[in-house]
1. Out of all the residues in the range 188-204, is one or more within 18 Å of the chain's Cα centre (by Cα), under 27 Å from residue 43 (Cβ atoms) and assigned to a helix (DSSP H, G or I)?
2. Taking the conditions exactly as written (part of a helix (DSSP H, G or I), surrounded by 22 or more Cβ atoms within 10 Å (Cβ to Cβ) and out of contact with any strand residue (DSSP E or B) (no Cβ under 9 Å at 6 or more places or on another chain)), does residue 66 satisfy them or not?
3. Restricting to the range 31-57, count the residues that are farther than 13 Å from residue 19 by Cβ, in contact with a helix residue (DSSP H, G or I) (Cβ under 8 Å, 6 or more places away or on another chain) and either assigned to a helix (DSSP H, G or I) or touching a residue at least 60 places away in the same chain (Cβ under 8 Å) (or both).
4. For the range 292-313, state whether one or more residues are more than 21 Å from residue 161 (Cβ to Cβ) and either surrounded by 17 or more Cβ atoms within 10 Å (Cβ to Cβ) or modelled with pLDDT under 95 (or both).
5. The conditions are (1) more than 19 Å from residue 45 (Cβ to Cβ); (2) out of contact with any helix residue (DSSP H, G or I) (no Cβ under 8 Å at 6 or more places or on another chain); (3) surrounded by fewer than 23 Cβ atoms within 10 Å (Cβ to Cβ), and residue 264 fails exactly one of them. Which is it?
6. Considering only residues that are in contact (Cβ under 8 Å) with a residue 12 or more places away in the chain and under 23 Å from residue 239 (Cβ atoms), which ones fall in the range 371-383?
7. Tell me, please, whether a residue that is in a helix (DSSP H, G or I) and closer than 21 Å to residue 235 by Cα can be found in the range 114-125.
8. For the range 336-363, name all the residues that are in contact with a strand residue (DSSP E or B) (Cβ under 6 Å, 6 or more places away or on another chain) and either buried (at least 23 other Cβ atoms within 10 Å of the Cβ) or without any contact (Cβ under 8 Å) to a residue 40 or more places away in the chain (or both).
């Protein structure tokens, strides 16, 4: 891989700030829009992810904007503590990841502003809501299919992504005892065929270094979730040595995918191996939205690649993180509009590198800023504290 071009990194960072400032005021109550064109709505999960980039940007207008987002979410919180999927719409409910993302976002915002009691009532209600999301009345959080950011992909029961988020916000709020229980339950093996009464399923996969995509009773998926495992590395759910094993496995598999023509970029897709028609976990609707290498079924998402770059820094793979940041910089240049120097597109088709989503996506720009900051300072702001 070629050496990193820091001048180009700075140009991309400047462009990312431009995107976030452009998207700062949308048509819904003056709340930020999710993308520059298309997605005018303030989607909760996108804006909560963007807090990481905004928090390291040292940009007061963006900080003030995200304060308004958090306050509006608290105002529209349900009676029992659930956080809505759209910031402005108190009736848009049912997502499994918006409440843990809200808690993570508030935790980061408190650290940024040093306002230790910011939205305390809403935080306490959200923490209570999350405690009731375990059907076994233990610690792992369960969800319904298509209820997290993968609105076109089935995650059944205990999903890695939501539980990695849960562990992260618990650590950020200093709820270390409950976090330790979550960690212990995640590190149990997935179980097949038969569960003795005293055995509970977990997310550890036999003979593979990474966590399972999801697990519930005797069912599980050992396909690889890049976002969930990257957050697991960042939060310290895996040791540095295990993180290195995961990274080596990812890069080996990506090299094989490139040889087969299943991957065009030198950066991982969000999910693999891809689910193929005829596989047991294939659903008919995938034919329209989730073909192999597309969208949630292996699309390359810049915001998730930003998390991967940050995870490389957390694993102390600094030179490798520089190389992947250079690849991510190429990725965020791609756009459906040729007039844009940086597209910060939503997602890219894995097999040919064609942009498929919307340009100037808020979380694509924000997580690029976060990834670049991590590489430049050889540290992972906020997650360093979570890892402890």
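The values are calculated or read from the model by the stated rules, or taken from the named source; none is laboratory data. The shown structure was predicted, so the numbers you read here are calculated from the model rather than taken from an experiment. Cβ atoms come from the backbone with ideal geometry, glycine included; neighbour counts cover every protein chain shown.
1. For the range 188-204, residues within 18 Å of the chain's Cα centre (by Cα), under 27 Å from residue 43 (Cβ atoms) and assigned to a helix (DSSP H, G or I): absent.
2. yes
3. Residues in the range 31-57 being farther than 13 Å from residue 19 by Cβ, in contact with a helix residue (DSSP H, G or I) (Cβ under 8 Å, 6 or more places away or on another chain) and either assigned to a helix (DSSP H, G or I) or touching a residue at least 60 places away in the same chain (Cβ under 8 Å) (or both): 9 in total.
4. Scanning the range 292-313, I find no residue that is more than 21 Å from residue 161 (Cβ to Cβ) and either surrounded by 17 or more Cβ atoms within 10 Å (Cβ to Cβ) or modelled with pLDDT under 95 (or both), so the answer is no.
5. (2)
6. Correct list: 371, 374, 375, 378, 379, 380, 381, 382, 383.
7. Yes, the range 114-125 has at least one match.
8. 336, 344, 345, 346, 348, 350, 355, 360, 361
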